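For reference, the structure is listed below as structure tokens.
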Amino acid sequence: MNPHNIVVAFNQDLFEKLFPAKYKLIPNLNDLYELELAFYEQQILSDSALVRNGAYFASVGGKFTRHFLICTGKSLKLPEHSSSRLKSFFEKNFFRTGYGTHGLFPYRGKFHPQMIKGLMNIMGLKPGDTVLDPMMGSGTVLVEASLMGIRSIGMDASPFCRFMTQTKLDALTMSLNRARNALNNYEEVFDYFAKRVGKPVVGIKIRGKKTPNGAMSVMEPAAEYVTKADRTQLTKKQKETSDTYNFLLLAYLDSVGYSERSSRKPPIEQFKAILERYLFVAEKIQKVLNGTQLVVSQARAMEADARDIPLESKTVDGIIFSPPYSFAIDYLDNDAFHLNYLGVETESLRNSMIGLRGKKLSEKFELYQEDMERVLSECARVLRPERICTIIVGTNNNQLGKALGVNPEEVKGIHEILIQMGEKHGLKLIKMMSRPITGISNTMRLEYILMLQRN
């Protein structure tokens, strides 16, 4: 081999080969799937669309992208007592997560928002289109779509997920004056919620008693929309009260959950630190939205069952969701503290949630497959022809092997099972990518991105 050829090869930059010089990628683009998504974005979107909604580009033709502007500036404000591991995670994932209002409430198994943005782009979703997430969890798809000018509908069987998602959406545009005042009087606010909701017990994972009057026992009248009221009927003053109340309540529940796991700081100091972070997150994204004159698009968060989607047939332009990791995360156990405080009977909810039904692992897996068959059938029904349903799913072969009583190496992955199910309902696989799972706490190291096109 000619040494000169080796030197010539080393002097060539892979990114420059893939992307013309006018396209500048965001920093720390390290994973293969990210490079692949960036390549598809550049191939599919116009330059103006990349500037507006591109996920993996810092600038195009010398013009900064909105994603770059949203993410730059001071990074997510973390409490001083946060672990070095947590701080390192957010420093390395500056453009992937923690921006917008995604940084409100740490929810297990949540998407990287940047990835969701990239996927919506390569799915052909444009401003004015409608995307559905039938298992919205913490609402990442809805928040991201709102920032992209894409209408969105999200649903989840968990009332807490609906509450959390709606609060994140509201924080994009809500008045923050009262929340700032609350921070200045955080001791009084903490005592208010401690009396109304319940006091956290430091370092002990304790479950509060079910509130006697349901969720409304911890809601002021103006915040009633969280469970049933039509928000369009609220006056401006009522909406400001409602938004602020729920913003503070989410911060309080966040601090309660943290106090379960850590005794590094007294609960009241945890609350102050988390409320400071919430305000930082909301102020930062609102400043960017005002500076770029970006109008947040319509989003609808619902409490509903993905096995029976309450939408008309052929009415959505794209679907993105992640099935529950039923053999890795017990979402109800993870959220039980908050659900109990909202007056939700967790055991009755467990019997209706996908992946949690059944007792033994083998029974849970069988019911999981039945439920996912219904979900994919519903997705195919509401999706317009030739549009794409994207599923992000991991496989825990060790637990699946236990459930089936076979060697983990012989187990068919959940992603393979879902591909076969999709084909039966007119959803054909057109692209599959894999990505490493790099979250703070996870039991799986790899997940698959399945893009299924409706016939």
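No lab work stands behind these numbers, since they all come straight from the coordinates. Quick caveat, the model's predicted, so the values are computed rather than measured. So basically every Cβ, Gly included, is an ideal-geometry build from the backbone, and we count neighbours across all protein chains shown.
Take the Cα of L429, step 7 Å toward its Cβ, do the same at E276, and the gap between the two points is 4.9 nm.
Were the residues from I437 through I44 laid out at 0.36 nm apart, the gain over their Cα-Cα distance would be 138.9 nm. Remark on L25: its backbone amide H falls under 5 Å from those of A58, a criterion applied only to residues 5 or more positions apart or on other chains, H modelled at 1.01 Å from N. Extending 7 Å from the Cα toward the beta-carbon at both K412 and D31 defines two label points whose distance is 2.7 nm.
Applying 1/(1 + (r/R0)^6) with R0 = 45 Å to the Cβ-Cβ distance of E347 and A21, what FRET efficiency is obtained, to the nearest 0.05?
Plugging the Cβ-Cβ distance into 1/(1 + (r/R0)^6) gives 0.15.
Remark: the D308-K236 segment gains 22.5 nm on full extension, using 0.36 nm per residue and subtracting the alpha carbon distance. Put a dot 7 Å past the Cα of R180, heading toward its Cβ, do the same for Y192, and the two dots end up 1.7 nm apart.
Pairs to check: K117/K272; K126/K239; K364/K424; K199/K284; K22/K428; K265/K359. Give those whose C-alpha atoms are more than 26 Å from each other in this structure. Each step should come with its number before you reach the end.
Working: K117/K272 32 Å; K126/K239 30 Å; K364/K424 22 Å; K199/K284 31 Å; K22/K428 35 Å; K265/K359 38 Å.
Listed pairs above 26 Å: K117/K272; K126/K239; K199/K284; K22/K428; K265/K359.
Across the range 60-67, coupling constants 3J(HN,Hα) worked out from phi with the 6.51/-1.76/1.60 Karplus curve, θ = phi - 60°, read 9, x, x, 9, 5, 7, 5, 4 Hz, and Gly and Pro carry x.
Give me the extension gain from L404 to Q369: residue separation times 0.36 nm, minus the current Cα-Cα distance, reported in nm with one decimal. Display every interim value, and only then the final one.
Values: separation 35, 0.36 × 35 = 12.60 nm, distance 1.29 nm.
Gain on stretching L404 to Q369: 11.3 nm.
Each peptide among 164-171, 54-61 gets the average number of other Cβ atoms lying within 10 Å of its residues, and from highest to lowest they stand as 164-171, 54-61.
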